[in-house]
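Note sheet for the following structure.
The values are calculated or read from the model by the stated rules, or taken from the named source; none is laboratory data. Every value quoted in this text rests on a predicted model; they were computed, and no experiment measured them. As a convention, Cβ positions derive from the backbone with ideal geometry for all residues, glycine included, and neighbour counts pool all protein chains shown. For accessibility, only protein heavy atoms count, side chains too; no ligands or nucleic acids. Shrake-Rupley method; radii C 1.70, N 1.55, O 1.52, S 1.80 Å.
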Amino acid sequence: MFLGKVIGNVWATQKYEALHAFKLMFVQPINGENENIGEPIVAVDTVGAGPGEIIYYITASEAVIPLPVDMAPVDASIVGIVDTINMKS
Amino acid sequence: MFLGRIIGTVWSTKKDENLIGAKFLIVRQLDLKLKEKDNFVIAVDSVGAGEGEIVLVATGSSARQTEFTKNKPVDAVIMAIVDKFDVPLKKYLQEQENLT
């Protein structure tokens, strides 16, 4: 699981049919101090996250598990919205 | 998934027999300003994408999660054709790109 910040939306009418009910969002991976690490990715939103929100997402084929289908070509899914992060610096 | 633009097609007759019938497209990765990056992948098309189109590519074992690519040696699949994307947070992208 990784921390990220939602930075935008992607609209795609022509997509894998199982994904029609889901938003696709741009996520910028971040660390615990809210600093960007790495390149933005696109993730399926399964929890109703909005731009600007801090979230966590899962990658690889596990990203399909929150979806109501057993198969979908998805390698990143937002699975939670972060309320607070508590870290010993 | 990553954002990419289809820049070409690969045909190959001599290949793993599981891959017969697959359409291989060359996808160059793009950044949020649609500038082409150095890396690209050969991806199997699952949504009928064509050359020049902006698409999303899923990689790794997730690429096998479609009817066609199930149990096949595929690690990149085109799973969406992007109509439009929007990155409102100014510090990430100045203007909003409209692709239609």
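Rounded to the nearest 5, the antiparallel percentage of DSSP beta bridges internal to the protein assembly as shown is 90%. Taking the 1.4 Å solvent-accessible surface of chain B as the whole, the part contributed by carbon and sulfur is 51%. Put simply, chains B and A cover up around 2500 Å² of each other's accessible surface, both sides summed, when a 1.4 Å probe is used. Using a 1.4 Å probe on the protein heavy atoms, what percent of the accessible area of chain A belongs to carbon and sulfur? With neighbouring chains kept in place, the figure for chain A is 53 percent.
Pairs of lysine residues in chain B that meet both criteria, 8 or more places apart or on different chains and Cα atoms under 24 Å apart, total 18. For the listed peptides A:7-19, B:23-35, A:27-39, B:7-19, a ranking on the average number of other beta carbons within 10 Å per residue, highest first, reads A:7-19, B:23-35, A:27-39, B:7-19.
Using the Cβ-Cβ distance between A:Ile85 and B:Asp38 with R0 = 35 Å, the FRET efficiency computed as 1/(1 + (r/R0)^6) comes to roughly 0.55. Computed over protein heavy atoms with a 1.4 Å probe, the accessible surface of chain B works out to 51 Å² per residue. Convert 37 °C to kelvin, take the viscosity as 0.692 mPa s, use the Kirkwood radius over C-alpha pairs of chain B as Rh, and evaluate the Stokes-Einstein diffusion coefficient in µm²/s, rounded to a whole number. Diffusion coefficient, whole number: 230 µm²/s. Overall shape of the stretch A:2-81 was characterised from the C-alpha gyration tensor. The equivalent ellipsoid obtained from it has semi-axes of 21, 13, 10 Å, in decreasing order. Of all DSSP-defined beta bridges confined to chain A, some 90% are antiparallel rather than parallel.
The distance from the alpha carbon centre of the stretch A:16-55 to that of the stretch B:24-80 is 19 Å, rounded to a whole number.
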